[in-house]
Amino acid sequence: MVTKIEAGSQDSQPLQRPCKKCNNQEATLTSRTEPVCKDCFTQYIYLKCVRHIGLLGKETQGPYGSQPTRRYLLGLSLGTSSTILLHILNSYVEAALSKGRKSPLDLDIIVVDTSVSEQDEALQATLDAYRQRYPRLTFEVLPLTSVLGISSIDWTALPSLKQDQSPAQQLADLFERLPSTTSRADILRLFIRHILIHTALSRSCQAVLLGHSTTALAELTLAETAKGRGFSLPWQINDGVLPIEDFSPDPDNAPADKKRTIRVHHPLRELFRQELVTYTTLTEPPLTDIIPAEDVVNKASPVVSHRDLSIEEVVLRYFADVEVNYPSIVANVVKTTAKLDRLDAEERCGVCGMTLDELGDERWKGEIGDSGGGEEGAGSLCYGCERSVRG
Amino acid sequence: MVTATENAQLRVVVEFSGGLEMLFSDQKRHVISIPTTDENGKPVTVAYLIEYLCKNVMKDSRKELFVLDSQIRPGILVLINDADWELEGEEKYAIQNGDNILFVSTLHGG
Amino acid sequence: MHTPGRCFISIFEDEVHHTISSSKLFFPGEKVAIGASGGKDSTVLASVLKTLNERHNYGLDLVLLSIDEGIKGYRDDSLETVKWNAIQYEMPLKVVGYDELYGWTMDQVVETIGKKGNCTYCGVFRRQALDRGAKMLGIKHVVTGHNADDVAETILMNLLRGDLARLSRSTSIVTGDATSDVKRSKPLKYSYEKEIVLYAYHKKLDYFSTECIYSPEAFRGSARSLIKNLERVRPTAILDIVRSGEDMARLVPVNTAKSCACKGDVAPAVVAAEEDGLGGCGSSNGRSSGNEMAAMEKQLRQNEAAEGLEVDVSKQMLPQAQRDKENVKTLPIRGVSANPKILGKQTLGNCERCGYMSSQAICQACMLLEGLNKNRPQIQI
């Protein structure tokens, strides 16, 4: 009698549902409509991310193939995606080290603490867990107040800060004077971004790495569209070099070349949020052990009533639904945006740092009859930031 | 002998337009009486009225065309005495006797 | 928007007047046909245009143009509304029926192909019907009641579809130009749907407001519901989306070397059935439905598979889509157009069958009719 030999092993049970990729193990998961085993799945995620790191490395390569140490800043929000990015980067570094090579990259890991109050125990406990898991890495916490005085923001364009208050109070007051929940969420996001970029520039990092998944980028696309920032989408969504404006009022302190640049990349951009969530359960030990609950991180937006949502939250819920049934559409949104041209301009917006669209502004005012225009001496803002700051 | 408790009532004119009347026996104008206070003793609000309409006046089973996630469906305008309800506090507005509340759907082509 | 009656009416009218004058939509003496469905948008449009025409001396010759799709019970009633409007606004009315244009009423189409994809037919037929009707009257300018919500929804849908070419066209207030036979404009482009409803209410205008009986009642998951949810959070989001769309249109790369859109970089991942993305069901005015999302998803997955095999995507799409009677329509492989005129990103010629202006050798209506006519003897009860 001839024994039928199943792929993979001679004497174990035939696979009920073999992994499509390796054919060696049972498929316990479905990845992009294919049944796969746990190892192939985690491998897939790992490789997708590392491929982007490799591409970034090539673009920041020195002349004649010299290997300057790649120094990157990782924005760690302590959420699923950025934690995974951290994990994978760590594995990437470990893999090189274990082969006797030197570390391929230096990481500045920054957590921005968005609470405007003082010491936060839950946050400290979380960071301790991360430090224990990744002893080789250094984690730094920067308070949100470190945004004050950053020169890539035109502070004259925002509600003026009360000089006699503590930095935390100044910020709290500024947020209170913004017109809506959406405005607050919007400005908060921009502040965090500014802090990361500013820090990266001051430490000569070559790039800022953010953990956005395909889903997150699609959400950002739609949210920014809904806020009137269509013009800046290619700058925000795509990976690449960003010029950073300097608005410091003091000409003596202005840096030698006024236009500094930094790269901003999203290595997880080809992965769906759901895939990333699954991944967190599959690492050993699982990442779910250290990723904190939502409210440890998200202090700037307390529990809100149904009505008090921000545009970001509306879009988030929309895509959570769409991702389940129509994932290709989610990916397509990001791909479509990638095709748009990046138009540069002389001037940049004082709050979001994106290019100003003067032609568009003129035309819009003409057709709508918008009286617009802020106070004398107020900085120039793009349409979207005007909306956020002035309503 | 049991004395019936006298509940003061509010007289409210409720109007439906833009196709919404379809859910309410195709009748555009309804004059209804609702109690002045709800079961908690608080003055009745538009929120109360909306629930009342769903329970007692709606004749169509497709409640979701009027109310979604216990809120008025997005796309339905509400006017209180000809003014946008946003000015009056939306569902928190306390209904007065003789008020005219209009629900008009914006969700149809044309 | 927060002002009662009288005040609201005049503010609304002033805003529309501003849009019309700054976009230079009209010239004195121009004959303009108002696409009139009896619904709120076209009723308000007719009323406002009449008012502004007189108040500001536009010098326009206004005509109501209505399309009869031939849906018993539905169109009869809305046509009554239009006839009444014609009397109210003292405007001539021309009614053009699908049967006289195409030889098919929608009732007959649905009998033949069922209720799947019928909205596509209606949309394509309707769009052409308006243009043809205008031509019959010797009119070169059609205005439609599309409002800011409609435009915003189209923008989002085109973003989801990946259709950059359509995105750039859907944001302009006027489509078509001197080389095209009939141009279309949307004077209410910057008016919120909410304002239009309120205008009709305060001015006590009558309009017809029942959903087309054949259109699927799909609201959740559609771009429309997203827009309404965004509006609830920030009412200006609708106009902000329109602004984003207009700006993004300028960022669409121009492909001058390639004349055929289905080979160029700006080729949409999914081609919608309608020429200008504002079609779909004749009554729903281009609103999206849950069906569209499913169809788009399917198309995108096929594209991905096709790309993997490095096969010419347009060829790959063809057999699939022909079997697909959903809302997604594939353009056939291009033949040589009779009169190629480069217009932005697509070449415009004339349909070989009927002479209607089209970017294909055979226009969409003729394509659909071909399919219908073949099925005629096979009508199933």
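The values are calculated or read from the model by the stated rules, or taken from the named source; none is laboratory data. All values reported here derive from a predicted model rather than from experimental measurement. Neighbour counts are summed over all protein chains in view; Cβ atoms, including those assigned to glycine, are modelled from backbone coordinates with ideal geometry. The accessibility values were calculated without ligands, DNA or RNA, using every heavy atom of the protein model including side chains. Shrake-Rupley method; radii C 1.70, N 1.55, O 1.52, S 1.80 Å.
Of the solvent-accessible surface of the range C:4-251, computed with a 1.4 Å probe over protein heavy atoms with every protein chain present, carbon and sulfur atoms account for 53 percent.
Computed with a 1.4 angstrom probe on protein heavy atoms, the B-C interface buries about 2300 square angstrom of accessible area in total. Which entries in A:Lys38/C:Lys298; C:Lys40/C:Lys72; A:Lys227/C:Lys183; C:Lys83/C:Lys135; A:Lys48/A:Lys102; A:Lys21/A:Lys48 show an alpha-carbon gap greater than 25 Å? Over 25 Å Cα-Cα: A:Lys38/C:Lys298; A:Lys227/C:Lys183.
Might you tell me the accessible area per residue for the range B:4-97, computed with a 1.4 Å probe and given in Å²? Here the per-residue accessible area is 52 Å².
Modelled this way, with points 7 Å down the Cα-to-C-beta line, the labels at C:His56 and C:Lys72 are 4.6 nm from one another. From most to least packed by mean Cβ count within 10 Å, the peptides C:123-136, A:309-322 give C:123-136, A:309-322. Only protein heavy atoms count here; under a 1.4 Å probe, B:His30 has an accessible surface of about 10 Å². Note: relative contact order over the range C:4-251, using C-alpha pairs below 8 Å and six or more positions apart, is 24 percent. Spin-label model, A:Lys99/B:Lys55: points 7 Å from Cα along the beta carbon direction are separated by 7.1 nm.
Gyration tensor over the Cα atoms of the range C:134-211: the corresponding equivalent ellipsoid has semi-axes (square roots of 5 times the eigenvalues, largest first) of 24, 21, 10 Å.
In the range C:109-197, taking the dipole from charged Cβ atoms about the Cα centre, the farthest positive-side position among C:Met157, C:Val110, C:Ile173 is held by C:Val110. For the chain pair A and C, buried accessible area totals roughly 4200 Å², probe 1.4 Å, rounded to the nearest 100.
What net charge do the residues around A:Asp108 carry, taking every other residue with its C-beta under 11 Å from that of A:Asp108, with Lys and Arg at +1 and Asp and Glu at -1? Net local charge, A:Asp108 excluded: 0. Counting Cβ atoms of other protein chains within 10 Å of each Cβ in A:230-240 and taking the mean gives 3.
At 25 °C and 0.890 mPa s, grab the translational diffusion coefficient of the range B:4-97 from Stokes-Einstein with a Kirkwood Rh over Cα pairs, rounded to a whole number in µm² per second. So the translational diffusion coefficient is about 176 µm²/s. For the range C:30-147, list log₁₀ I(q)/I(0) at each q in 0.14 Å⁻¹, using the Debye formula over Cα point scatterers of equal strength and ignoring solvent, two decimals each. Debye output, listed in q order: -0.58. Please state, rounded to one decimal and in Å, the Kirkwood hydrodynamic radius that the range C:41-81 gives when every pair of distinct Cα atoms enters the mean of 1/r. 11.9 Å is the Kirkwood radius here. For the range C:95-146, the square roots a ≥ b ≥ c of the C-alpha gyration tensor eigenvalues yield an a/c of 1.5 or more together with a/b not exceeding b/c, which makes the shape oblate.
Protection proxy ranking for A:224-233, A:278-287, A:202-211, using the average of other Cβ atoms within 10 Å per residue and placing the highest first: A:224-233, A:202-211, A:278-287.
Shown for chain B: lysine pairs separated by 8 or more places, or found on different chains, whose C-alpha atoms are under 19 Å apart, numbering 5.
Averaged over peptide C:143-152, the number of partner chain Cβ atoms lying within 10 Å of each residue's Cβ comes to 1. Counts of other chain beta carbons within 10 angstrom of each beta carbon in peptide C:161-174 average 2. By the gyration tensor of its Cα atoms, with a ≥ b ≥ c the square roots of the eigenvalues, what is the shape of the range C:4-251: rounded for a/c under 1.5, prolate for a/b over b/c, or oblate? Note, shape of the range C:4-251 comes out rounded.
Heavy-atom accessible area for B:Met22, with the other protein chains in place and a 1.4 Å probe, reaches approximately 80 Å².
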